[in-house]
Amino acid sequence: MRNSASEVQDGLKAIAGGRQRGVVGDAQEHLSLPVTGMTCASCAAEVEKRLRETPGVRKASVNLATQRAAVSFDPARVGASRLVAAVQAAGYDSPPTRTVLALRGLELVNDPAAIERALTAVPGVLSARVNLGSAEAHVEHVEGAVPAEALAAAVRRAGYQVETSKGAGDPAERQRLAREHDVRELTRKLVVTAALAVVTMALSLPLMSAAGGAAAHTDLFMRLTAPLDRALARAFPALYGADPSLLRWILLVLSLPVVLWSGREFYTRAWAAFRHRVADMNTLIALGTGAAFAVSWAATIAPGLFTSAGRPPAVYYEAGLAIVALILLGRLLEARARGRTSEAIRRLIGLQPRLARVERDGSEREIPIEQVRPGDLVRVRPGEKVPVDGIVREGESAVDESLLTGEPLPARKTVGDMVVGGTLNTTGSFRFEALRVGRDTVLAQIVRLVQEAQGSKPPIARLADRISGVFVPVVLSLAIAAFAIWFVWGPPPSFGLALVTFVSVLIIACPCALGLATPTAVLVATGRGAESGILIRSGESLEIAHSLRTVVLDKTGTITAGKPVLTDVIPADGATSADHLLRLAAAAESGSEHPLAQAIVRAASARGLEVPPAEGFAAVPGKGVEAVVEGRRVLVGGARLLVERGVPTRALEEAAARLAEEGKTPIFAAADGRPIGLLAVSDPIKPGSAEAIAELRRLGLEVVLLTGDRRATAEAVARNVGIDHVRAEVLPDEKARVVRELQASGRRVAMVGDGINDAPALAQADVGIAIGAGADVALEASDVTLVGGGLEGIARAIRLSRRTMRVIRQNLFWAFVYNALGIPLAAGALYPFLGILLSPVVASAAMAFSSLSVVLNSLRLRSLAP
């Protein structure tokens, strides 16, 4: 029931420890590395494997959708450069960002090594080079991992100053520009390749018609294009009468731009993967299209090799070009769709303004937000955004915090209230003192938390990871087997049909959809949650939340407002007066930070009572306080405290029971071993608590009230909000035991509290949910944090989890079904029944559609109501 300041600190440590299960002792850093070149689940799995094998890395998770790797590591054993080297060793790249610092005070420096060492010691910095001539430091670092203030602080530690910095830019803006560049590049390549594919198809139709035979009747694509073939024959008879050898040479020339430019990355990345002894999607595409091009070039340059063996010099240029064009189309559509999956995080990053109006040297000036320092006085006018976190010192206004908390109505802010960077000032003007800037602001912490969650994987993704680890070698084996079977037992021309099945199996089996199934859904869900004031710490928490069956709610500060007020002062018969009772109680409680204690102290002050000093203050965890006031040993707290000290409470029990039935918390007071009276404190129920609990019950969840308060008080609160199950008079260290008992009955349990006083229970629960408000939210202390402070966020979080898991299962189901059906069809399963083979062109279209469908299905989560 009561907690001292030291216990609050212990609570914070307990939560932090509970959130990092299995991490003991050593320091731990976190980095989010950009990874380029990944195109499928096999790519992500290989990067993840290399990172995990790096000494000093504790945890690594690679997200194909965001193209980033989230790494937890021991900075004493491994640095950022080693992590980048591990990515490169897997055959991919992690391009650095360059920041240029203009330095001051280098006039007498001969050796800049001290500055360079200080900069390279910053986590995330890959290299640093100081140019004494230009007085600049050129720093290469992991993208988005090193704030400008960290570099400036490193320079100051070396004894110098930073004048300006440039080149780092806004991470969100860099990501947007990089994505737009990729889309433009893919569009150019697609346009060229598609145009060449159309021309190649038109020039290939006469060769197909001339070849005739089984291939013309079995290839599905040839059957589909038969009407076009007849129309072209009538419209361009000269084309169908042209020398086949000339047509083949023209087709060879048309294929070169695709191989050397638009499709070049497939072959270079496949070669890089081969050099690192891995295989991925690029391997399958390169082998498939490479086989088609290689055979076609051989038939064009040396047709005699085929005719001497009794086989026609067939070419497959149209298939190769069409495959590359369709894959590029799929990647372009996928890139556009994937750009939409991260819109939520970009909106959060974009909330923070670029400039702040700061008072310095007696005047107001606009400065970049990076230059705001703690202690600065910042003015915010109507319609402007609050630049950083701080406390209002002058003026008042209504601030719209909806994009951070999900609360639709603006919050009134007056002197002494906290304001959060990124929120919108709507009406008045005010000045506030900057308290947290840069990476320490609530908005920066929210963005960092969401990015970490987006880089994590829920347990359901492990199945896809295990499959992708062996997928490519298995597909290669199946493709070779299909080629061999058709080559040996297929109808003539057996080689051509065998090559078609070989290429089709390789192309249709690319595991893109499998790799995107989970991360795209997690990406959209965590971003959507953040927009609604729900911060989900990891993919694992997101998955576990969907299977919750019991929600345990703390009372004070969770169901109630957490701002209790004194309602009654009842002296014991003949013991003292009401004012004297309140004076003694307030004096004893003045050393406690507990909300009930503060309510008593505030009431004494409001009545104008002089509160005497207290000596020998001691908090009794969960029971109350004791102190010496005016020479008397005073006890204030629950009945249990007085009973343990041998103080009789019977004379006060009837009044205490009556107060508890009214929903008030009775507080006993004693002096020198004799009861002197009762005080009653009431904590009003938060607006919307009853409706939120009713929504939890509609979701099929059992709701339990868990509190250290008296049973009668707890049951009165439970009746008012519609809770049937109450566990009262539970000490803080016993709350975790109650959670364990509920878990032992086979239920997944969520514990909801303020993130501090309920630390052991939050750590014990399957999902710990911290309720906070604005800048006071305990972002690092929970699996899920509800920024707005209302209980309605619990139901929203669980609905989001259930919807996300449904989408992930749909994605994985269709990804598995696609490959389970596609590979047999590509291998020739239709031939015995319909006499056709799945064309490589059709296979590539199916592959592109499968990846796009997974991304689009995940995007449906954006429509979930906040």
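The values are calculated or read from the model by the stated rules, or taken from the named source; none is laboratory data. Note that the coordinates shown come from a computational prediction; the quantities given were computed from them, not determined experimentally. Heads up, the Cβs are rebuilt from the backbone with ideal geometry, glycines too, and the neighbour counts pull from every protein chain shown. Protein only, heavy atoms only, side chains kept; ligands, DNA and RNA dropped before computing areas. Shrake-Rupley method; radii C 1.70, N 1.55, O 1.52, S 1.80 Å.
Considering A692, A656, which residue is part of a helix (DSSP H, G or I), out of contact with any Gly (no Cβ under 6 Å at 6 or more places or on another chain), open to solvent by less than 70 Å² (accessible area, probe 1.4 Å) and free of Cβ contacts under 8 Å to residues at least 60 places away in the same chain?
After applying the criteria, what remains is A656.
Could you list, in sequence order, the residues of the stretch 281-305 that are open to solvent by less than 30 Å² (accessible area, probe 1.4 Å) and over 15 Å from G263 (Cβ atoms)?
V295, A299, T300
Looking at A572, A561, which one is within 26 Å of E734 (Cα to Cα) and either in contact with a Pro (Cβ under 9 Å, 6 or more places away or on another chain) or open to solvent by less than 20 Å² (accessible area, probe 1.4 Å) (or both)?
Result of the check over A572, A561: A561.
Could you tell me which of the residues A545, A509, A578 is farther than 30 Å from L742 by Cα, among the small types (G, A, S) and modelled with pLDDT of 85 or more?
A578
What about A294, is it at pLDDT 75 or above, out of contact with any helix residue (DSSP H, G or I) (no Cβ under 7 Å at 6 or more places or on another chain), within 20 Å of V505 (Cα to Cα) and in a helix (DSSP H, G or I)?
yes
May I ask you to verify whether G406 is farther than 26 Å from G790 by Cβ and either modelled with pLDDT under 90 or touching a Ser or Thr at 6+ places or on another chain (Cβ under 8 Å) (or both)?
Considered against the rule, which asks whether it is farther than 26 Å from G790 by Cβ and either modelled with pLDDT under 90 or touching a Ser or Thr at 6+ places or on another chain (Cβ under 8 Å) (or both), G406 comes out as no.
State whether one or more residues within the stretch 119-129 are surrounded by fewer than 21 Cβ atoms within 10 Å (Cβ to Cβ), in a strand (DSSP E or B) and out of contact with any His (no Cβ under 9 Å at 6 or more places or on another chain).
No, the stretch 119-129 has no match at all.
Quick check: is even one residue across the stretch 837-844 crowded, with 21+ Cβ neighbours inside 10 Å and at pLDDT 85 or above?
no
Considering only residues that are modelled with pLDDT under 75 and over 33 Å from the mean Cα position of the chain (by Cα), which ones fall in the stretch 123-167?
Within the stretch 123-167, L132, G133, S134, E163 qualify.
Would you list the helices (runs of 4 or more DSSP H) that sit entirely within the stretch 708-824 and hold 3 or more residues that are modelled with pLDDT of 85 or more, within 30 Å of the chain's Cα centre (by Cα) and more than 30 Å from T501 (Cα to Cα)?
Output list reads 732-744.
Counting only residues that are in a strand (DSSP E or B) and open to solvent by 90 Å² or more (accessible area, probe 1.4 Å), which one in the stretch 359-398 is nearest to G422 (Cα to Cα)?
Once the filter is applied, the top-ranked residue is E366.
Given the criteria surrounded by 19 or more Cβ atoms within 10 Å (Cβ to Cβ) and at pLDDT below 90, does D554 qualify?
yes
Out of curiosity, is L514 touching a Cys at 6+ places or on another chain (Cβ under 8 Å), within 29 Å of D766 (Cα to Cα), open to solvent by less than 10 Å² (accessible area, probe 1.4 Å) and modelled with pLDDT under 85?
yes
For residues that are open to solvent by less than 80 Å² (accessible area, probe 1.4 Å) and assigned to a loop (DSSP other than H, G, I, E, B), tally how many sit in the stretch 602-625.
Count: 7.
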